[in-house]
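The values are calculated or read from the model by the stated rules, or taken from the named source; none is laboratory data. Nothing here was measured: the structure is a model prediction, and the numbers come from that model. With ideal geometry, Cβ positions are generated from the backbone for all residues, glycine too; neighbour counts draw on all protein chains shown.
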Amino acid sequence: MAPAVTARLRLTEIFRSLQGEADSVGIPTIFVRLTGCPLRCRYCDTAYAFSGGEVWELPQILARVRELEASHVCVTGGEPLAQPAVHDLLGALCDAGYRVSLETSGALPYDAVDPRVVRVVDVKTPASGESSRNLLEQLGSLARKDQIKFVIADRADYEWSRALLRERELDTRCAVLFSPSHGVLAPRELADWVLEDRLPVRFQIQLHKYLWGDVPGK
C-alpha cells in the first residue's frame, strides 16, 4: 500500500495575537495566514500575502500551532479556500480541539467547509471593486454560529449593504457585522447610520489596527 500523501500548504505567516474582529474580538488567537488570493480589493490590507510564502506540511503547521498555545485558531489569507488542502488543515485543527474560524472573501465555494468551523464571510461591497465576485447563493449554507461581514467605505457601500441585509434577511441566518474601512470611513459616521436605521447588526472596528496599526503579524 502506498503511503498516505501529507497535505501541504503555502503559508505567509503563523502568529499569536488578539483577535481584532468578529464575535471573538479580544481573545488570544493563533492566526494561520495562507498565501494567495484571486481577488484584488481596493482596500485590501494584506496584499503582502498575495504571493511568496513557504510550503509547510500539515504536521509542521499543527506543531507550530501547539507551540503558540491558544484555544482559538483563525485560518485566513489571502483567500484560504484558494488552496484545496485548507480543508485538511481545518479538519485537523478541529480534531485537535481548537475553536477554529475561517475568514473567506465569499468568492469561492464555502458550503463544503467542515461544519465545526466558524465561517466568517466577507461580502464584497461595491467600493472593493470585487462585488461581482460574491457567491451570494452560498449565504444560504450559513448556520447560526457563522458570521457575515461587510467592510464599508462610503455611504453608497452602506446603502448597498443595508439593502442586501434586508432583502435576504441575513440577520435571521447568523450574526451580521458592519465594519468601517480603516482610514477611509470614520467609525462614528458608520455607527450613526446603523443607529439611525435601527439595523440588526453588530458594529465593529478592527481592534488590532488601533493597537498596532498596519504592522504585519499583529
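Look at the stretch 11-22 and say how many of its residues are part of a strand (DSSP E or B) and in contact (Cβ under 8 Å) with a residue 60 or more places away in the chain.
5
Just to be sure I understand the filter: pairs with C-beta atoms under 7 Å, separated by 6 or more residues or on different chains, first member in the stretch 180-203 and assigned by TED's automatic domain parsing to the domain that holds Glu169, second member of a type in the set (Lys, Arg). Which pairs pass?
His182/Lys209; Asp197/Arg162; Leu199/Arg162
Of the residues Gly77, Gly129, which single one is in the same structural domain as Val176 (by TED's automatic domain parsing) and in contact (Cβ under 8 Å) with a residue 24 or more places away in the chain?
Gly129
Every residue in the stretch 23-43 that is more than 13 Å from Thr76 (Cα to Cα), of a type outside the set (Asp, Glu) and either part of a loop (DSSP other than H, G, I, E, B) or at pLDDT below 95 (or both), please.
Matches in the stretch 23-43: Ser24, Val25, Gly26, Ile27, Pro38, Leu39, Arg40, Cys41, Arg42, Tyr43.
For a quick check of your reading: which helices (runs of 4 or more DSSP H) sit entirely within the stretch 140-218 and have at least 2 residues that are touching an Asp or Glu at 6+ places or on another chain (Cβ under 7 Å)?
Here the list reads 155-168.
Being crowded, with 17+ Cβ neighbours inside 10 Å, out of contact with any helix residue (DSSP H, G or I) (no Cβ under 6 Å at 6 or more places or on another chain) and at pLDDT 95 or above narrows it down to one of Leu195, Leu165, so name that one.
Leu165
Would you check if there is a residue in the stretch 135-143 being crowded, with 18+ Cβ neighbours inside 10 Å, in contact (Cβ under 8 Å) with a residue 40 or more places away in the chain and under 16 Å from the mean Cα position of the chain (by Cα)?
no
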